[in-house]
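Just below is one structure, and these are the notes that go with it.
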Amino acid sequence: MSLIRADPEEMEKTKMEKRVFLIVLDSFGIGAEPDAAAFGDEGTNTLGAIAKHPNFNCPNLQKLGLFNIDGVTAGEKTAAPTGSFARLQEQSMGKDTTIGHWEIAGVVSPEPLPTFPEGFPEELIREELADGRMYVIEEDGEVHAVFYFFIGPDETYQVIQDGAWLSDAPYGTIHAVASDGQIHGLLSRIAPIANRRPRTCASTPTATTRSCSTSF
């Protein structure tokens, strides 16, 4: 690796800003951590599992050094990786996406966030149906997916450590996405719905409250 010292005068001219482009591959584990059993994940290895598929191919990650990481047994190591790599263990007491993102940002959580490995509690689903923010995606009269969407402040994002929102403009939050697996590209269908705020509304058989649905 070559290190080149930037000219301070040139930096001032171009008003260079410090930036980090962070890409997170959620649910792409490379092996179980020592405390995996405490979270019901003993012996899990997502990379090892998908690497067995005949169509598995990730040449760019291979070039960066994915298969050179200690403990990774899938794939072939590259002689001259183009990236820097390491195997890290999470310090926070949790396994969900949010708690992992917080730790990347420097916040270690001593207590796990609530998760629902057995599915969302019925009372929570009824509550979200009652407030009119639960949407369904149906095809040929059959409901295949549901999701929760609203515009307004979300308590999860009220506190930002050492940062701030770029603007005070309202934002939308999508969560609690569930599907029967019959629709492919589900998120590509949800995004346009959330973007245009569906106008067609109807009551669902499972709730007497207002619930919006969009047909495809």
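Any read-out appearing in this document is the output of simple, stated calculations on the displayed coordinates, not a laboratory observation. Bear in mind the structure is a predicted one, so any value in this text is a computation, not a measurement. All Cβ positions, glycine included, derive from the backbone under ideal geometry; neighbour counts span all protein chains shown.
What's the FRET efficiency of A176 with D41 using the Cβ-Cβ distance as r and R₀ = 25 Å, to the nearest 0.05? Can you show the working numbers first?
Working: r = 22 Å, r/R0 = 0.89.
The formula returns an efficiency of 0.65 here.
Which of the trypsin sites (Lys or Arg not before Pro) found in segment 86-164 are in a DSSP loop and have at most 11 neighbouring Cβ atoms, other than their own, within 10 Å? Filter output for segment 86-164: R87.
Couplings for segment 53-70, taken from phi via the Karplus curve 6.51 cos²θ - 1.76 cosθ + 1.60 with θ = phi - 60°, read 6, x, 8, 5, 7, 9, x, 6, 5, 5, 5, 6, x, 3, 7, 8, 5, 3 Hz in order; Gly and Pro are left as x. Taking only the C-alpha atoms of segment 7-138, Rg followed by Dmax gives 20.4, 62 Å.
Using the Kirkwood formula on the Cα atoms of segment 101-202, what hydrodynamic radius do you get, in angstrom to one decimal? Walk me through the numbers on the way to the answer.
On the way: mean 1/r = 0.0620 Å⁻¹.
After inverting the pairwise mean of 1/r, the radius is 16.1 Å.
Amide H contacts of E33 (H built 1.01 Å from N, in plane; Pro and chain starts excluded): no residue 5 or more places away or on another chain comes under 5 Å.
Extending 7 Å from Cα along the Cβ direction at R19 and again at T156 yields two label points whose distance is 2.6 nm.
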